[in-house]
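Asks: Pasting in a structure now, in structure tokens, and then I'll have a few things to ask.
The values are calculated or read from the model by the stated rules, or taken from the named source; none is laboratory data. Every value quoted in this text rests on a predicted model; they were computed, and no experiment measured them. Heads up, the Cβs are rebuilt from the backbone with ideal geometry, glycines too, and the neighbour counts pull from every protein chain shown. Calculation scope for accessible area: heavy atoms of the full protein, side chains included, ligands and nucleic acids excluded. Shrake-Rupley method; radii C 1.70, N 1.55, O 1.52, S 1.80 Å.
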Amino acid sequence: MSNFSKFMRTNKVVRENGQYAPTMSLTGEDGQPLPWEFRHITSKENENIRDSCTMEVQVTGKPNVFRQKFNTSQYLSKLIVASTVVPDLYDKELQDSYGVMTPEDLLYAIVDDAGEYQEFCVWMQKFQGFTRSLDDKVEEAKN
């Protein structure tokens, strides 16, 4: 097999979907938290989500000078929504049952415990391949 052929799509490993139960407030008949199903997103999908959460803000006191501002919490909620297979966060009936109109608002309504949501965000980042957190990077920069 030539070096070139090793890079063909047929040799690429398929990443399996994962499961995680983000909240203890929804349980099955056995009393265990209901697991959700998640898929891995592509690099392109991630860039699109990042771009949608980045805006230009004017630097105070400097006309026509702008800087980028990244909304981390918006990014994480959109990342989770884009990754979620089950439950369908776009389902109108499910949104109506929680009195919300967007998949991101539904996510916050279902996982309404702040600690659970934070743990969920950490799990999602690891699942998507982000092995080092922002805090880890800051600590590394200090040393």
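Asks: Identify all residues within segment 9-25 that are under 16 Å from Trp123 (Cβ atoms), open to solvent by 50 Å² or more (accessible area, probe 1.4 Å), part of a loop (DSSP other than H, G, I, E, B) and not charged (D, E, K, R); write none if there are none.
Replies: Matches in segment 9-25: Asn17, Met24.
Asks: Can you tell me which condition Lys92 does not meet? The list is (1) free of Cβ contacts under 8 Å to residues at least 24 places away in the same chain; (2) open to solvent by less than 60 Å² (accessible area, probe 1.4 Å); (3) over 19 Å from Phe127 (Cα atoms), and all the others hold.
Replies: Just one mismatch for Lys92, condition (2).
Asks: Residue by residue through segment 70-86, note down the ones that are buried (at least 16 other Cβ atoms within 10 Å of the Cβ) and without any contact (Cβ under 8 Å) to a residue 40 or more places away in the chain.
Replies: If the condition is that a residue be buried (at least 16 other Cβ atoms within 10 Å of the Cβ) and without any contact (Cβ under 8 Å) to a residue 40 or more places away in the chain, then Tyr75, Ser77, Lys78, Val81 are the ones that fit.
Asks: Which residue out of Val85, Val59, Val122 is of a type in the set (Val, Ile, Thr) and over 29 Å from Glu16 (Cα atoms)? Spell out the reasoning first.
Replies: Working: Val85 fails: over 29 Å from Glu16 (Cα atoms); Val122 fails: over 29 Å from Glu16 (Cα atoms).
The unique qualifying residue is Val59.
Okay, residues lined up against (1) touching a residue at least 60 places away in the same chain (Cβ under 8 Å); (2) surrounded by fewer than 17 Cβ atoms within 10 Å (Cβ to Cβ):
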| site | (1), (2) |
| --- | --- |
| Val65 | no, yes |
| Gln68 | no, yes |
| Asp88 | no, yes |
| Asp96 | no, yes |
| Pro103 | no, no |
| Leu106 | no, no |
| Trp123 | yes, yes |
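Asks: Would you please name the residue that is nearest to Lys126 (Cα to Cα), looking only at residues in segment 52-81 that are part of a strand (DSSP E or B) and β-branched (Val, Ile, Thr)?
Replies: Step one: of segment 52-81, the residues part of a strand (DSSP E or B) are 54-58, 66-70.
Checking which are β-branched (Val, Ile, Thr) leaves us with 54, 57.
Values: Thr54: 22, Val57: 30 Å.
Top of the filtered list is Thr54.
Asks: While we're looking at this one, here's another question. Condition first: farther than 17 Å from Lys126 by Cα and open to solvent by less than 50 Å² (accessible area, probe 1.4 Å). Now tell me which residues in segment 26-48 satisfy that.
Replies: Gly28, Gly31, Pro33
Asks: If you check every pair at least six apart or on different chains, which have Cβ atoms under 8 Å apart with a residue in segment 27-45 that is within 19 Å of Val13 (Cβ to Cβ) first and a residue that is of a type in the set (Lys, Arg) and open to solvent by 50 Å² or more (accessible area, probe 1.4 Å) second?
Replies: His40/Arg15
Asks: Taking Leu89 as the residue in question, decide whether it is of a type in the set (A, V, I, L, M, F, W, C), in a helix (DSSP H, G or I) and modelled with pLDDT of 95 or more.
Replies: No; evaluated as a whole, the condition is false for this residue.
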